[in-house]
Each structure stands twice: as structure tokens, then as C-alpha cells.
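Only the coordinates and a few stated rules stand behind these numbers; no lab work does. On a predicted model such as this, the values are computed, not experimentally measured, just so you know. All Cβ positions, glycine included, derive from the backbone under ideal geometry; neighbour counts span all protein chains shown.
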Amino acid sequence: MRLKNYSIFIIIVFIIFFTSCKSHQHPDKKIFHYNEQTGIASLDPAFAKNQSIMWVIHQLYNTLVEVDAENQLKPSLAKSWEVAADNLTFIFHLRTDVFFHDDIIFADGKGRRLTAQDVEYSFKRIIDKNVASPGAWIFNNKVDSAIGFKALNDSTFQLKLVRPFQPILGILSMQYCSIVAKEAVEQYGSNFRRHPIGSGPFEMVAWEEGQALILKRNAYYFEKDDSGNALPYLDGIKVSFFDSKATEFLEFQQNRLDFINDIEASFKDELLTKTGNLKNEWQGKLLLQKHPYLNTEYLGILVDGENELVKNSPLRLKKIRQAINYGFDRQKMMLYLRNSIGIAAESGFVPAGLPSFDTVKVKGYEYDVAKAKQLLAEAGFANGIDLPFIKLLTIPVYSDFAGYIANELRQIGIKVQVEVIQKSLLLEQTSKSQALFFRASWIADYPDAENYLSVFYGKNPAPPNYTRYSNSLYDSLYEKAIAEKNDSIRYAIYQQMDQLIIDDAPVVPLWYDVAIHLVHNNIINFLPTGLNLLELRKVKIK
């Protein structure tokens with residue numbers, strides 16, 4: 001009966017809150033408004049597999065460690081940690097002032113203290129086959145399945161690996177690793193996706209799927225600013241679900257949204273110059289934010305010599321792959337097709353923004369027609385004579401880039417036929433090694449170059465190794481890197497691996513992405529992050 005009354009109460013609160021939010025007439029409350037065009041499938045951290053879910057999970061939950069604006073790891077629920085001499089055992093010392101959100105599942109409806117037992121339960125839940133979390137891969141073959149997760153006492157948690165894996169701390173910052181309350185999972189069962197009980201800066205008010213999601217400030221949140229003031233500053237968050245970017249932009253223009261993530265291609269020329277700045281008519285009215293975003297856009301090439309597709313293709317030849325890399329102007333592509341949003345990928349596969357990124361130590365491909373033609377001739381196809389057509393698979397939103405590259409390559413004798421297919425089909429074909437030449441991207445899951453370099457580790461299947469690249473030297477360097485505790489040494493190994501990838505050319509890097517936000521001038525402390533997480537703890541509204 002208590003649960004039924006609680007549900008009725010939530011509906012009433014939602015109607016009142018949503019009505020006021022819809023009109024944006026709540027001057028006494030500081031509510032941050034944003035739109036989620038793709039919708040939100042779940043509020044369960046175990047299913048935080050895409051940005052729309054991760055953004056909300058980040059408001060509702062905490063992880064042991066988190067990533068700061070400089071892509072460095074810092075404490076969150078864990079105030080400190082140490083690593084044993086064997087490089088396998090990690091001991092985390094938890095804060096003792098963290099409480100779950102108030103909910104009827106707890107005694108007297110008051111949220112209880114978060115403990116190491118909650119961490120153990122949350123991590124075991126990720127790899128529980130009955131849960132079927134898409135995040136199970138983060139611990140598979142890394143953590144000891146028998147004794148990998150263990151609460152030593154209420155405030156001490158132990159993680160034990162099966163082999164040294166230094167990037168594990170970065171993995172623990174992922175939203176999959178958010179700490180949940182066992183009582184909430186058991187109470188709400190399959191409906192836990194709609195009843196998030198975390199310890200984060202905001203807590204759930206109501207969610208009307210397809211209409212709006214309302215969060216309110218967690219009055220008992222543990223973090224404070226540098227002056228000792230409680231965080232967050234905002235009173236709440238309202239998420240709308242307009243599925244049209246045009247509608248989203250109109251809502252933003254009319255001050256009903258506080259920011260927009262990314263700019264729709266159809267109106268980017270209205271807002272931005274070719275050099276990526278706001279046009280004069282928008283200057284002073286909006287704030288344009290650009291920040292390196294850990295995402296590499298690229299073309300992948302299947303290089304598995306045992307695959308029949310590869311055996312019969314000129315792409316089996318390294319010099320042809322290198323010629324493609326030299327054969328088009330990335331700088332011009334960025335200027336005319338991206339309004340200079342992003343960085344032309346003329347270094348490695350690892351993007352700008354990661355500490356191991358170094359354009360001096362990893363030399364990529366610049367536009368060089370003479371070099372491309374020389375490589376074609378050396379491969380036995382001077383001026384492209386007798387070179388068969390090469391099919392490039394892409395999705396609709398990237399068809400203009402594929403067309404541009406195909407046109408550039410055609411001028412040096414490489415004939416590329418662009419085929420536009422749906423994203424789901426492209427993913428299926430790349431996963432089954434049925435795509436020879438394809439458009440792809442790799443967005444960082446955590447801020448470590450290993451996340452990118454694992455894409456080419458020969459023992460990895462597809463995904464993530466969609467190109468089926470295999471190189472024994474590369475694999476030995478990878479295994480050496482993940483066991484190396486010294487950051488400087490590990491970064492040097494990463495750079496050596498990245499150069500190997502560039503030299504063997506199983507990929508054609510296109511650009512390193514930049515997160516772009518349009519923000520109203522009255523929004524203060526809204527700072528971008530390298531993982532493009534929505535960070536609202538210190539945001540203020542004037």
C-alpha cells in the first residue's frame with residue numbers, strides 16, 4: 001500500500017513540476033534544461049552503453065574514481081587507493097560520508113550509508129550473466145572471477161586482477177561502475193531501470209518516457225566546492241525528448257533549453273564560419289564551446305589475409321592502403337565539410353586530448369599526391385591502371401565525407417565506389433568481417449590510449465578488432481604496456497604501437513573530434529570534458 005501511495009505522489013509531483021518546467025516559469029528555482037534527441041532507454045548503470053544514458057547516470061550515481069577536465073583520474077567515492085607490489089591487487093579506501101538517496105526501500109525512507117559491500121555487489125552484478133549487462137566486457141579476462149571483488153570491511157574494498165592491467169583505474173571511472181543499492185535492485189526488479197537509487201548530486205523525481213525526465217538536487221550530497229559550499233548549485237534538471245534537431249534548435253533559440261550538444265549539419269553554416277567560429281550575428285548572444293573530445297573518426301580496412309574478401313582485393317597490399325592515406329586533403333575536408341570542427345588526423349589513431357598523444361613522436365599521413373602516386377606505381381598500378389574498383393561502406397550522415405574522399409582519390413587513380421547503408425547493417429557486416437573498407441569511429445570509454453590500441457590487439461575479436469589486424473610485435477608491446485606502472489614508459493610504448501598502426505595502415509584516420517556546445521550566456525561554470533560527459537555539479541544559472 002505504501003508503494004502505491006508513493007507512486008501516486010510521484011505522479012502528482014511530476015504534473016506540478018513538469019507544468020512549471022514546460023513554461024520555463026520558475027524564477028525561484030534554478031533548473032537546467034537540455035534535450036535528449038535519441039531518448040533514454042534505461043536509468044540502470046549496468047546498461048549505460050551510450051551517451052544519453054551515461055549523461056543521466058552521471059547525475060544520479062557516483063563511481064570509485066572519476067575523470068577531471070584534463071582527463072586525469074581523481075578520487076570520488078574512494079578517497080584513496082594503493083596497488084600491491086604484484087600489480088594485481090588494488091585496495092580502495094572509501095569515504096564514510098556518502099549516503100544513498102532517500103527512498104521507501106530504506107528504514108524510515110532515509111537513504112543509508114554507502115559501504116564497500118555495495119561496491120562488491122555492484123561490480124559482481126555487472127558480470128552476472130542473468131543481468132546480461134553490455135558492460136560485462138570491462139571486467140572479463142581482467143578480474144579474478146572467484147575473488148576479484150571483495151569488501152574487506154565497510155570502508156575498504158579490494159579488487160584483484162588475473163594479470164597486470166594498469167588501465168583498470170580508468171575502467172572504474174565508467175558509468176557501468178556506478179554504485180547501486182542492493183535493496184533497490186531487489187525491490188524494483190525489472191523496473192529498476194525506472195527507479196534509480198544512487199548517491200549522486202541529483203536524484204529522481206519522475207520520468208514520463210518520451211516526454212520529460214525530472215531530477216532534483218540531492219540535499220545530502222557529500223561534495224563541496226573550494227569554499228566549503230555544498231554541491232550541486234542547481235535545484236534540478238529537466239530533460240526533454242524532442243526527436244528533431246530543428247525543434248531542439250528552435251527551443252534553444254526561445255530560451256527553453258540551456259544548451260545544445262553538437263550542431264545539426266543543416267544549420268551549421270547559419271551559425272558558424274568556415275573556420276569554426278560564431279558568425280557576427282550570433283556573437284554576444286550565445287557562447288560557443290569547443291573542446292577536444294576523445295573520438296577518432298576513421299576508415300577501417302579489413303586486413304585478415306585468410307579472408308576471401310581480402311585475398312581478392314588490392315587493399316591486401318600495404319602500399320595501396322598507404323596511398324589512400326596520402327591521397328586526400330584532410331585539412332580541406334575539415335574546412336569545407338566540418339567548418340573546422342575537429343582536428344585533421346595527421347598523427348596516429350590515438351586522438352588529441354590523451355597524454356600520450358604526440359604529433360612529433362607519431363607521424364601520420366599528410367596530403368601528398370606525388371607520394372600516393374609513387375606508392376601506387378610500386379604496388380604495380382601506375383596511375384591506377386588495372387586497379388579494380390574499391391567499395392567503401394558508409395552510413396547516410398557521413399556520405400558527403402565518403403564522396404569527398406572518393407573524388408580526391410579518383411584524381412590520383414584510385415577508383416572508390418561509395419555505398420551508403422544503414423548503421424545497423426554496417427555494424428553487422430564489420431562484426432562478421434564482411435566489410436572490406438568501411439567508415440567507423442572509436443569513442444573513448446575511459447581516458448587511456450590502451451582503449452584505442454586494444455582495437456588492434458591480435459587476440460581481440462571483432463569487436464573491437466574490426467580490421468582483424470594481427471602483428472606479433474604489436475601484441476607483445478601491448479602486453480608490455482598494460483603491465484607497466486610507470487606512466488612515461490607506458491606512454492612511450494603506446495606511441496611505438498601507434499606508429500606501427502600508421503605504418504601498416506589498416507585504418508585511414510580522418511579527424512580527432514571536438515565536442516561542440518552552444519550555451520546561453522546566463523549559464524556559468526558549464527565546462528566541457530574530454531569524454532563529453534554532462535558535468536553539472538558546479539553549474540550556476542544567473
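With the highest mean first, a sort of the peptides 290-300, 471-481, 446-456 on other beta-carbon atoms found within 10 angstrom per residue produces 446-456, 290-300, 471-481.
Name the residues of the range 144-159 whose amide N is less than 11 Å from a point 7 angstrom out from the Cα of K182 along the C-beta direction? In the range 144-159, the label zone of K182 (backbone N under 11 Å from the point 7 Å along Cα→Cβ) covers 151. Checking the a/c ratio against 1.5 first, then a/b against b/c, what shape does the Cα gyration tensor give for the range 131-289? It is prolate, given that a/c is not under 1.5 and a/b is the larger ratio. When each of the peptides 244-253, 280-289 is scored by how many other beta carbons lie within 10 Å of its residues on average, the order from highest to lowest is 244-253, 280-289. In the chain, the DSSP-assigned H stretches of four residues or longer account for a calculated mean residue ellipticity at 222 nm of -8500 deg cm²/dmol, using -39500 (n - 2.57) per stretch and the full residue count as denominator. On a 0 to 90° scale, report how tilted helix 487-504 is relative to the longest principal axis of the chain, with both axes built from alpha carbons and the result rounded to the nearest 10. It works out to around 40 degrees.
With Rh defined as the Kirkwood radius, the inverse of the mean 1/r over Cα pairs, the Rg/Rh of the range 43-103 is 1.03. DSSP bridge analysis restricted to the range 293-513 gives an antiparallel fraction near 70%, rounded to the nearest 5. Straight-distance candidates among the aspartates and glutamates for linking to K361, with alpha-carbon spacing under 14 Å and chain neighbours fewer than 8 residues away dropped: E346, D498, D503. Peptides 388-395, 221-228 ranked from most to least packed, by the mean per-residue count of other Cβ atoms within 10 Å: 388-395, 221-228. Over the range 217-306, the Kirkwood radius and the radius of gyration, each from Cα atoms, give a ratio Rg/Rh of 1.13. For the residue pairs K150/K485; K74/K142; K423/K459; K224/K485; K224/K285; K124/K480, the C-alpha atoms sit more than 30 angstrom apart in K224/K485; K224/K285. What share of Cα pairs, in percent, lie more than 20 angstrom apart in the range 82-159? Pairs farther apart than 20 Å: 43 percent.
Could you run the Debye sum over the Cα atoms of the range 43-172, one equal point scatterer each and no solvent, and tell me log10 of I(q)/I(0) at q = 0.10, 0.11, 0.19 Å⁻¹, two decimals? The Cα Debye sum returns log10 ratios of -0.33, -0.40, -1.27.
Within the set K274/K318; K79/K160; K279/K542, which residue pairs have Cα atoms separated by over 23 Å?
Details: K274/K318 35 Å; K79/K160 19 Å; K279/K542 25 Å.
Long pairs (Cα-Cα over 23 Å): K274/K318; K279/K542.
Mind pulling the angle between the C-alpha long axis of helix 472-482 and the longest principal axis of the chain? Nearest 10 degrees, somewhere in 0 to 90. Computed tilt is about 20 degrees.
Any chance you could check the Cα centroid distance between the range 284-344 and the range 483-531 for me, in angstrom? Comparing the Cα centres of the range 284-344 and the range 483-531, I get a distance of 15 Å.
Once the C-beta distance of Q289 and T247 is scaled by a Förster radius of 25 Å, the resulting FRET efficiency is 0.70 to the nearest 0.05. Principal-axis analysis of the Cα atoms of the chain puts helix 51-60 at an angle of about 30° to the longest axis.
What is the percent of Cα-Cα separations in the range 293-513 that go past 20 Å? Present the calculation step by step, with values, prior to reporting the outcome.
Numbers: 13798 of 24310 pairs.
That fraction is 57 percent.
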